[in-house]
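Let me begin by presenting the structure, written as structure tokens, before commenting on it.
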Amino acid sequence: MNVNTSSVLHNRSFLRLWIARIFSASAFQILSVVIGWQMYALTDSAFQLGFVGLAQFVPMLLLTLPAGQTADRYDRRTIVYLCQLMECAVVVLLVISSLEGWITSIHLLIAAAILGACRTFEGPASAALVPDIVDREQLPQAAAWSASGMQTAMIVGPSLGGLLVIWGISTAYITTLVALLISVVLIFFVKTVHFVKKLDSVGIETFFSGLRFVFARKIILGTISLDLFAVLLGGATALLPIFADEILKTGSTGLGLLRSAPAVGAIVVSLILTRISIEKAIGKTLFASLVVFALATILFGISRNIWLSLFALFLTGAADVVSVVIRSTLVQVNTPQDMQGRVNAVNSLFIGTSNQLGEFESGTMAGLVGAVPATIIGGVGTLAVAVIWMYWLFPVLRNLKTYSTEEG
């Protein structure tokens, strides 16, 4: 292990981007909690909770490749800026409809879909901004700080979401609006220092170049697909309102705690990773973290005690952030700067699939067999994925030691 001494946070543009992403991600986490809580309150249906995730995933599936093209053709900072302004407009409409009492489940699904579309364009552009403002040798540390920032958002967002719904749905929505506006201002002052040649033309060749790049490199494909299927099967986030309301019986306050627990574990580990490099044991660490994630998911499924449930979720977050840091660093270190947008768009699609489609899968499975069996089945499925990837599909990942690969 190596200890990093020079902090990437001394880079003012990265610091602004880092803080902006915390505010933006916090707003999105609050929105996820509030929309899910409001949907369940309106419909009392696990299936409808799953459809919220599906509504966010469909535009991501349809728009990911165009989003990558956009990030490599136009100014990435401006793309992030405009996407966040549109998210502000959606939140304003949610506030108005909630205050006037005419909001329905359809309105919530439409809002989720628009937010999903905005974040589909925002994600690749935001991720591709990092190599534009950070030196190559600082990318692993930047990835760790980015992970800690996102997990901070996952602590602040769900906690505030769970608490703010006590004071009113509109209060929670207004809070997200303020957070998004702060992010917009910070993004405006981000400056790039590395020149990146923008994509000259758009055609079939460039449209699918990001996909071809990823699928031609087993290290990148194996890592991000591992995360996709693991979270797709093992993620129980969409079911937390059911666990809080019916199983643990803790209400909205408990929901906020449950949503925050994985992020607490993640931020502890991510802060450690900003100081200690795992570059000499990437493959082994990746699979070990996946096993911990799966076992912790099973533990959460069988728990009937709020403290044991929080501990299990803490472990899932701690294990998951290791995969996040490894995956994002591998992508950024091994991708040319002029292709960052397209490749990060593909990466975002994998992440979005594991999160949004995973919520749909969890909600649907819970509707069929119940929340507890669905969570346990997901944990067992994650263990199966780890074995299949490690011994059959991508055995090269087992011995992966450094971020820089020689694949071409």
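Of all residues in region 86-113, how many are touching a residue at least 40 places away in the same chain (Cβ under 8 Å) and closer than 23 Å to SER183 by Cα?
Here is the first cut: in region 86-113, the residues touching a residue at least 40 places away in the same chain (Cβ under 8 Å) are 87-88, 91-92, 94-95, 98-99, 103-105, 108-113.
Filter again for closer than 23 Å to SER183 by Cα, leaving 87-88, 91-92, 94-95, 111-113.
So the answer is 9.
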Test: residue in region 126-136 that is crowded, with 23+ Cβ neighbours inside 10 Å, within 14 Å of the chain's Cα centre (by Cα) and in contact (Cβ under 8 Å) with a residue 24 or more places away in the chain: yes
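Inside region 385-402, can you point out the residues that are within 18 Å of ILE224 (Cβ to Cβ) and either touching a strand residue (DSSP E or B) at 6+ places or on another chain (Cβ under 9 Å) or surrounded by fewer than 19 Cβ atoms within 10 Å (Cβ to Cβ) (or both)?
So in region 385-402, the residues within 18 Å of ILE224 (Cβ to Cβ) come out as 385-386, 388-390, 392-398, 400, 402.
ILE388, TRP392, LEU393, PRO395, VAL396, ARG398, THR402 - these are the residues of region 385-402 that are within 18 Å of ILE224 (Cβ to Cβ) and either touching a strand residue (DSSP E or B) at 6+ places or on another chain (Cβ under 9 Å) or surrounded by fewer than 19 Cβ atoms within 10 Å (Cβ to Cβ) (or both).
So, of the residues in region 304-325 that are among the hydrophobic types (A, V, I, L, M, F, W, C) and out of contact with any helix residue (DSSP H, G or I) (no Cβ under 6 Å at 6 or more places or on another chain), which turns out to be nearest to ASP227 (Cα to Cα)? Spell out the reasoning first.
Taking region 304-325 first, the residues among the hydrophobic types (A, V, I, L, M, F, W, C) are 306-308, 310-315, 318-319, 321-322, 324-325.
Add one more test, that the residue is out of contact with any helix residue (DSSP H, G or I) (no Cβ under 6 Å at 6 or more places or on another chain), and what stays is 306-308, 311.
Values: ILE306: 27, TRP307: 27, LEU308: 25, PHE311: 22 Å.
Per the criteria, the residue is PHE311.
When you go through LEU61, LEU49, LEU82, LEU109 one by one, which is the residue that is surrounded by fewer than 24 Cβ atoms within 10 Å (Cβ to Cβ), under 22 Å from the mean Cα position of the chain (by Cα) and modelled with pLDDT under 85? So that I can check it myself, show each step before the final result.
Values: LEU49 fails: surrounded by fewer than 24 Cβ atoms within 10 Å (Cβ to Cβ); LEU82 fails: modelled with pLDDT under 85; LEU109 fails: modelled with pLDDT under 85.
One residue alone meets the criteria, LEU61.
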Leading residue by the ranking (modelled with the highest pLDDT) among those in region 385-402 that are closer than 21 Å to PHE293 by Cβ and assigned to a loop (DSSP other than H, G, I, E, B): PHE394
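Could you grab me the full set of residues in region 1-24 that are modelled with pLDDT of 90 or more and among the aliphatic types (A, V, I, L, M)?
Going residue by residue through region 1-24, those that are modelled with pLDDT of 90 or more are 11-24.
Within region 1-24, LEU15, LEU17, ILE19, ALA20, ILE22 meet the criteria.
Given the criteria among the aliphatic types (A, V, I, L, M) and closer than 24 Å to ASN347 by Cα, does LEU271 qualify? First the steps, then the outcome.
Numbers: among the aliphatic types (A, V, I, L, M): yes; closer than 24 Å to ASN347 by Cα: yes.
Judged against the criteria, LEU271 is a match.
The values are calculated or read from the model by the stated rules, or taken from the named source; none is laboratory data. Since the model is a prediction, treat every value here as computed from it, not as a measurement. Ideal geometry is used to build each Cβ from the backbone, glycine not excepted, and the neighbour counts take in all protein chains shown.
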